[in-house]
Amino acid sequence: MVKAVSEENESEKHDSRKAAKTESETKKSGIPTIAIIGGVLLVGLLLGALFLRGPPATTGNVVAPTYNPPTPQCRQVPYDGQDCNMVPYTDQEAYQEQQCQNVPYTDRECENKELTFSFDRFYTNHKCLQTQEKCIHWNFLGMCDQYEDECVSAAQTCSFVVRNLDAEPGTWAYEIKFTTPYGDRPAGRKSEYIYPQTEKTFYWEYQKVVPTEQVSCGITYSDIPKKQVCRDVIKTRQDCSYVTKYRPVTKERQECKTVTKYREECS
């Protein structure tokens, strides 16, 4: 035991002397310590690069090492999920519809009507305006013993009567013409304002060229008074309005429910 310790001490002393000798030689050789450290680091970097690069490529039938990963363990894990579907349903849809109906109402209708009247006693006559004696018989002595009046100037008259039978007064107007062997002779217009239930006579006269002239007369224009007559009448009109109605329509909506589902989990 003492011998072994002694040998160990001797070894340490030998190493110390060797290290001191090496240091002394280094100093003697003039190589600085920092250069040695730099060289060691450079060698380390080169060795590290070679290690990271991997072994050099080989040719021939070289079998690469096989790596078998561990087989995962999987299982079905339940969870709550949503199951949704489109489901048809019936809904009420509002719409506007026009409704019309016939409604009675009272309207006032007015019209212009001629006054009620009568037209009668239409006369046309020969009227002698001037006469003179004319001998119609002579005696044996050649003397006139019988005379008669002879018309030497005459006229033709034309007249009629208008009676207002209405409850309102009005003005009647007429024009006539005389027809002669020498052509038509207008006699002008005459107007008469006639009260209710009264009458007026319209009268014209034409001077004949010769007393024996054949003349007639006729109405060429008449203006009968009018009045406005109104009355209430029942009429119907169509009244329309919009009302809201409803009709069934089919629609779709999404309905969802919670169901149990499964997913795979591996470890």
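Bear in mind that the values in this text are calculations on the coordinates, not laboratory data. What you see is a predicted model; the values in this text were computed from it and never measured. Methodologically, a virtual Cβ is constructed for each residue, glycine included, from the backbone with ideal geometry; neighbour enumeration extends over all protein chains shown.
In table form, for the structure just shown:
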read-out	value
Spacing of the two label points (7 Å from each Cα toward its C-beta) at Lys261 and Thr171, in nm	10.5
Pair Met143, Asn68: separation of 7 Å Cα→Cβ label points (nm)	19.9
Set Lys113/Lys177; Lys127/Lys226; Lys177/Lys227; Lys127/Lys200 screened for pairs whose C-alpha atoms are more than 24 Å apart	Lys113/Lys177; Lys127/Lys226; Lys177/Lys227
Net length gained if the chain between Asp91 and Ser241 were fully extended (0.36 nm per residue, minus Cα distance)	51.4 nm
Length gained when the stretch Lys251-Glu109 is fully extended (0.36 nm per residue, less Cα-Cα span)	45.5 nm
Model label zone, Lys190; criterion: amide N under 15 Å from point 7 Å along Cα-to-beta-carbon; scope segment 210-227	217-223
Nonlocal amide H pairs with Thr180, under 5 Å, H built at 1.01 Å	Arg185
FRET efficiency, Ile224 to His126 (Cβ-Cβ, R0 35 Å, nearest 0.05)	0.70
Estimated dipole of segment 116-224 in Debye, rounded to 20 [Cβ of Lys and Arg +1, of Asp and Glu -1, Cα centre]	220
Spin-label pair Leu41/Val161, simplified geometry with 7 Å Cα→Cβ offset, distance in nm	16.3
